[in-house]
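The structure appears right after this line, and notes come after that.
Where a number appears in this text, it was derived from the coordinates with a stated rule and is not lab data. If you're wondering where the values come from, they're calculated on a predicted model, not measured in any experiment. For neighbour counting, all protein chains shown are included, and Cβ atoms are generated from backbone atoms with ideal geometry for every residue, glycine included.
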Amino acid sequence: MSSSGVEPESPDLVCELDNVQGMVDALTAVRWKRYQDAVLELSEHGIVLIVEDTGCLQAKVYLQRELFVRYEYSANGRPRFGVSLGLFVDCLNTFCIPGHSSTIEFQYPGPDMQLLLKSTDSLSACTYAEIRTRIPDTISWDYNFEPVGTTPISFTVKSAALKEAIDDLDWPGSSIQITLNPTPPSVTLRGEGHGDLQIDFMYYANTDLLVAFNCDQIVSHRYKYKFLRATTSNIPSSVIKDNRGSKLTIGRGGMLKVQHLVSVVRTPGNHPHVDSSSYQQPSRIAYIEFFVKPEVEEDNAYDS
């Protein structure tokens, strides 16, 4: 007997993550205002979440497939869909149990193009959620980062120190000037408002704080404070506690790239994948990048 039934299409992606809190931390780092739309792009390499603000600030969270304990990808091309970032993070939080590394399954798309979430820790109980998606708008500006010359213009500073410095530079409606000087190797952050405030990171004076510095001539650009602050305002407490480094790079035209690393590793002691020699899977990392456009200046100190 022949069958006229049509087999349902398999989803583009089914994956499992064993540390929901790590994913919440990574996504919260790019949540700089209450109502925010995000675009998720799927591929065989992992998931990328993109958010932006007024064409001047963009952030990307890279969740590589190695972060997941299961990653089954069957789509052609790279499907993209939009979600409310706040709703997505709040929904993920419902799967987080304090002191326990919850495992969650993601599936996209559902029957009505939803993003489906399901807990997989227990056979007797299951938490399930559906998040409505939308057709994403086209990203409104080119966020491709182009380096300047052969020497990268960059520095790496402890994340806690960077956040503290930017918080201290808070002048309402102000701009922050970032200057790199190769002689002596130093980074200066200067804010102007009701007064002036300047913070200096001297490379040779404290290499434990400014852990890397690459610059061969004076570089100086200004950035709106609200956009610069968004790059550090929600750095996860785990990053501050571990006192990791955040890398800042200035590209062509003064485009600023700020990079953070967030651990997405299962809580020690709860990991089922430990062999007889007590070996545990190495820490897994979510990569976070912010791109900040500079303020337009007539006399940029470096734009070649």
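What are the semi-axes of the equivalent ellipsoid for the range 16-92, taken as the square roots of 5 times the Cα gyration tensor eigenvalues, largest first, in whole Å?
Square roots of five times the eigenvalues give 21, 16, 10 Å.
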Checklist entry - Under 5 Å between amide H atoms, partner at least 5 residues away or on a different chain: which partners does GLU295 have, H built in plane at 1.01 Å? => result ARG222, TYR223, LYS224
Next on the checklist: Need the list of aspartates and glutamates near LYS226 for cross-linking: C-alpha distance under 14 angstrom, and skip anything on the same chain fewer than eight residues off.
Outcome noted: GLU52, ASP53, ASP167, ASP168, ASP170, GLU192, GLU295
Item to check | Rounded to the nearest 20 debye, dipole of the range 13-131 from Cβ charges on Lys, Arg, Asp, Glu | outcome: 220 debye
Checklist entry - Computed FRET efficiency, Cβ-Cβ of CYS56 and SER233, R0 22 Å: what is it to the nearest 0.05? => result 0.90
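For the ranges 27-36, 200-209, what's the packing order if you count other beta-carbon atoms within 10 Å of each residue, average per peptide, and put the highest first? Intermediate values should be presented prior to the final figure.
Values: 27-36: 17.7, 200-209: 14.3.
Result, highest mean first: 27-36, 200-209.
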Checklist outcome for this item: Label model pair VAL69, ASN243: point-to-point distance (7 angstrom along the Cα→beta-carbon line) in nm is 3.3 nm
Checklist entry - Which residues' amide hydrogens lie under 5 Å from the amide hydrogen of PHE213, considering only partners 5 or more residues apart or on another chain, with H built in the peptide plane? => result THR156
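Please tell me which of these pairs span more than 29 angstrom C-alpha to C-alpha: LYS158/LYS224; LYS118/LYS247; LYS118/LYS163; LYS118/LYS224; LYS33/LYS247; LYS33/LYS163? Can you show the working numbers first?
Working: LYS158/LYS224 22 Å; LYS118/LYS247 35 Å; LYS118/LYS163 35 Å; LYS118/LYS224 40 Å; LYS33/LYS247 23 Å; LYS33/LYS163 17 Å.
Where the Cα-Cα span goes over 29 Å, the pairs concerned are LYS118/LYS247; LYS118/LYS163; LYS118/LYS224.
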Checklist entry - For the modelled label position 7 Å from the Cα of LEU87 along Cα-to-Cβ, which residues of the range 36-72 have backbone nitrogen atoms closer than 16 Å? => result 36-40
